[in-house]
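Taking it in order: structure first as structure tokens, then the write-up.
The values are calculated or read from the model by the stated rules, or taken from the named source; none is laboratory data. Just so it is clear, the structure is predicted and the values come from calculations on it, not from any experiment. Quick reminder, even Gly has a Cβ in these numbers, built from the backbone with ideal geometry, and neighbours come from all protein chains shown. For accessibility, only protein heavy atoms count, side chains too; no ligands or nucleic acids. Shrake-Rupley method; radii C 1.70, N 1.55, O 1.52, S 1.80 Å.
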Amino acid sequence: KGLVDGDNDIIFCASPSNEQLEYASSKGVELNLTPIGKEAFVFLLNAKNTINSLTQEEIKDIYSGKVTNWKQVGGDNRIVCPLSRNENSGSQTTMEKFMGDKKIVKPNYLSLLGQSIGFSFRYYVENLNSSSKVKMISVDNMFPNKENIRNGNYPIVSNFYIVTR
């Protein structure tokens, strides 16, 4: 919004959401997205959770409400609490693209008694908000480290952009 409204000259971000692109279009602003790097989209669990890897399909099943208990994917008998981010945040937009045609369901209140799963970008988790109480997990048995991002083995990688008007 700040870039479209002229308050900012440049931003660094993940791909804008459809709503953000429509806002720019409605204001007659063309956004120029220049890819400057790649970043892994990662999934986070409590460090005590016994799950260390999920498949992409299992993650989609969790966020669509098909999987509601960790035991369904090889974990403990605990309710799954899938956490989401604010609408139009880079992480939420990336998650919606990852989910494809599957709708993200809101967790029921009982899920707060279970164990959470969340998502973000690797850089944010490792460099800006690291915690020994949270762990990144592998996706399709591939851990989101720099080497697996660089060589294309980690399956959920997206461009990071410089965006200008």
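Numbers below:
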quantity	calculated
Criterion: under 16 Å from the mean Cα position of the chain (by Cα), at pLDDT below 95, loosely packed, with under 14 Cβ neighbours inside 10 Å and of a type outside the set (Phe, Trp, Tyr) - qualifying residue of 48, 38	38
Unmet criterion (only one of (1) surrounded by fewer than 15 Cβ atoms within 10 Å (Cβ to Cβ); (2) within 27 Å of residue 18 (Cα to Cα); (3) modelled with pLDDT of 95 or more) for residue 61	(1)
Residues of segment 68-122 that turn out to be of a type in the set (A, V, I, L, M, F, W, C), out of contact with any helix residue (DSSP H, G or I) (no Cβ under 8 Å at 6 or more places or on another chain) and open to solvent by 60 Å² or more (accessible area, probe 1.4 Å), as a count	4
Pick from segment 2-19, criterion outside any loop (DSSP other than H, G, I, E, B) and aliphatic (A, V, I, L, M), ranking: least open to solvent (accessible area, probe 1.4 Å)	11
Cβ-Cβ under 8 Å pairs, at least 6 apart or on other chains, segment 20-42 side of a type in the set (Gly, Ala, Ser) and outside any strand (DSSP E or B), far side modelled with pLDDT of 90 or more and open to solvent by 30 Å² or more (accessible area, probe 1.4 Å)	24/30; 24/31
Positions within segment 133-149 being in contact with a strand residue (DSSP E or B) (Cβ under 8 Å, 6 or more places away or on another chain) and basic (Lys, Arg), in sequence order	133, 135
Residue, most open to solvent (accessible area, probe 1.4 Å), within segment 123-155, restricted to residues that are modelled with pLDDT under 95 and among the β-branched types (Val, Ile, Thr)	134
Boolean, residue 160 is modelled with pLDDT under 90, among the aromatic types (Phe, Trp, Tyr), touching a strand residue (DSSP E or B) at 6+ places or on another chain (Cβ under 7 Å) and surrounded by 14 or more Cβ atoms within 10 Å (Cβ to Cβ)	yes
Residue 66 being out of contact with any His (no Cβ under 6 Å at 6 or more places or on another chain), among the charged types (D, E, K, R) and modelled with pLDDT under 95	no
Lone qualifier among 91, 116, 132 - being in a loop (DSSP other than H, G, I, E, B), among the small types (Gly, Ala, Ser) and closer than 20 Å to residue 46 by Cβ	132
Every residue from segment 123-165 that is in contact with a helix residue (DSSP H, G or I) (Cβ under 7 Å, 6 or more places away or on another chain) and among the polar types (S, T, N, Q)	158
Of all residues in segment 50-68 being without any contact (Cβ under 8 Å) to a residue 40 or more places away in the chain and not in a helix (DSSP H, G or I), the one that is nearest to residue 104 (Cα to Cα)	66
